[in-house]
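Chemist: A single structure is presented below for examination.
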Amino acid sequence: MTRTVKIGRDAVFLAAFIFLGSLIIAKFDIGQGSAINGPFFAIDGDTLAAGAERLRLVDIDAPEAGQTCGDGKGAEWACGDAAREALSKLAASSMTECRGDARDRYRRVLVSCRRGDLDINGEMVRQGMAVASGGYGREEAAAKGAGEGIWAGPFERPKAYRAAKGAMDDDEGTTALVDRVGELFDRLKAAVSW
């Protein structure tokens, strides 16, 4: 190998290293719980839109669009649409702020949202418009005990509903930074073979 080829290879490696370092630094800058301010548009009972950005409320799982639930009296109601409407009312204010630093496999920002002192994620569970999934157990127990929202009658949990419809399930957690950097490094190694 000639000296020029070695210098070129080292330069490419250095450039790749600097690029990866800048990605990591950018991730840490974004990763401090970046705030996104409302008003927001509710796509469904646990997903908001802020322009082209999609936000997924963490630790809750709301009924899907088109999903129905029992009302406890033998009738059904459109609980998925009701969950979307409830989230829409909670997040429509310009006072709403969502914070998150990770993304799910669909590239939605995983967020916790507040409007002043009101925890919107928890309020969706408290109103019986979502089930707890990783948090908000007390709020779920209160809604269930009071027969609020979906707890008024029989219903299929959103995760089971998605599985029955053949839809992909939401991520339970986040994509780790280490995995992402590893993927980028693997792609870089494949592109620059030495």
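The values are calculated or read from the model by the stated rules, or taken from the named source; none is laboratory data. Because the structure is predicted, anything quoted here is derived from the model rather than measured. Heads up, the Cβs are rebuilt from the backbone with ideal geometry, glycines too, and the neighbour counts pull from every protein chain shown. These area figures cover heavy atoms from the full protein model, side chains too; ligands, DNA and RNA do not enter into them. Shrake-Rupley method; radii C 1.70, N 1.55, O 1.52, S 1.80 Å.
Chemist: State the percentage of accessible surface on the range 26-160 attributable to carbon and sulfur atoms; use a 1.4 Å probe and exclude ligands, DNA and RNA.
Modeler: Summing carbon and sulfur atoms, their accessible area is 50 percent of the total for the range 26-160.
Chemist: Follow-up question, since we're still on this one. For the modelled label position 7 Å from the Cα of N37 along Cα-to-Cβ, which residues of the range 114-128 have backbone nitrogen atoms closer than 16 Å?
Modeler: Output list for this probe position: 114-117.
Chemist: Expected output is a single nm value to one decimal: the length gained when fully extending between A92 and K165, i.e. 0.36 nm times separation in residues minus the C-alpha distance. What is it?
Modeler: Details: separation 73, 0.36 × 73 = 26.28 nm, distance 2.99 nm.
The span from A92 to K165 would gain 23.3 nm if fully extended.
Chemist: Ok, one more. How high is the FRET efficiency from R157 to R99, r the C-beta distance, R0 41 Å, rounded to 0.05?
Modeler: On the way: r = 27 Å, r/R0 = 0.65.
It comes out at approximately 0.95.
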